[in-house]
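Trainee: Handing you this structure, nothing more for now.
No lab work stands behind these numbers, since they all come straight from the coordinates. If you're wondering where the values come from, they're calculated on a predicted model, not measured in any experiment. Cβ atoms come from the backbone with ideal geometry, glycine included; neighbour counts cover every protein chain shown.
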Amino acid sequence: MARGEQQQRDRGEDSEFTERLVGINRVAKVVKGGRRFGFAALVIVGDGKGRVGHGHGKAREVPEAIKKATEAAKRNMIRVPLREGRTLHHDVHGKHGAGKVFLRAAPQGTGIIAGGPMRAVFEAVGIQDIVAKAIGSNNPYSMVNATFEALKNMQSPRHIASRRNKKVSDIVSGREIGKSQVEIDAVAAEE
């Protein structure tokens with residue numbers, strides 16, 4: 001394969017994904033002659049349609065660290081089921097180390113209400129309406145890992161219906177965001 005074709009293929013692959021740089025740390029290694037500095041990068045990669053990944057890369061130069069992190073993120077992608085292509089199917093929480101996150105589905109027009117690294121994850125995955133809260137650690141690595149743990153626990157109604165041998169309509173029949181169980185029971189009793 002010619003070098004030009006390789007570059008075109010790489011550019012085509014990159015246009016498919018959006019990359020978000022979440023953080024860069026300068027790290028030092030103490031050696032006999034003094035300190036050797038390196039850089040660690042945390043990158044989020046997503047296609048905006050339900051696929052997202054995160055990666056970590058270390059190198060002596062910043063661009064090389066970002067490149068390594070991006071490649072790692074593309075290798076570690078997961079698929080997240082989205083409701084109407086804009087929000088989560090249900091509320092979920094995730095935990096990694098000292099970082100805990102709570103993710104709540106939100107009505108249309110809410111936007112992304114989340115801080116720092118979690119916002120980058122939601123924008124990369126294509127979520128438009130969500131309310132998220134981080135509790136505990138504010139370390140970007142812990143927050144991103146906890147967010148991914150929560151997204152891995154997300155289940156679509158189709159998956160749950162197939163597991164229970166039911167119809168999807170039976171699973172989502174009374175679900176509306178913002179209504180309490182009492183209101184749903186009252187509406188069901190009237191019908």
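Trainee: Starting from the Cα of Val31, move 7 Å in the Cα-to-Cβ direction to define the label point; list residues of region 37-74 whose amide nitrogen is under 17 Å from there.
Mentor: It comes to 37-40, 58-62, nothing else.
Trainee: Which lysines have a Cα less than 19 Å from the Cα of Lys67, not counting those fewer than 8 places away in the same chain?
Mentor: Lys58
Trainee: What percent does the relative contact order of region 78-175 come to when contacts are Cα pairs within less than 8 Å and at least six residues apart?
Mentor: Across region 78-175, relative contact order equals 32 percent.
Trainee: Kindly provide the pair-distance distribution of region 135-177 built from C-alpha pairs, with 5 Å bins from 0 and whole-percent values in order of increasing distance.
Mentor: 5, 19, 17, 14, 13, 11, 12, 8, 1
Trainee: On average over all directions, what projected area in square nanometres does region 23-119 have, based on the convex hull of its Cα atoms?
Mentor: Average projection, Cα convex hull of region 23-119: 7.9 nm².
Trainee: Per residue of region 148-164, in order, report the coupling 6.51 cos²θ - 1.76 cosθ + 1.60 (Karplus, θ = phi - 60°) as ³J(HN,Hα) in whole Hz, putting x for Gly and Pro.
Mentor: These are the phi-based 3J(HN,Hα) values: 5, 4, 5, 5, 5, 7, 5, 10, 7, x, 5, 5, 5, 5, 5, 5, 9 Hz.
Trainee: So, by mean Cβ neighbours within 10 angstrom, what's the order for 31-40, 18-27 with the highest one leading?
Mentor: Put in order of decreasing packing, that is 18-27, 31-40.
Trainee: Assuming R0 = 25 Å, what is the FRET efficiency of Glu71 and Asn165, from their Cβ-Cβ distance, to the nearest 0.05?
Mentor: 0.05
Trainee: Quick one: Leu103, Leu151, fewest Cβ neighbours within 10 Å first, how do they rank?
Mentor: Leu151, Leu103
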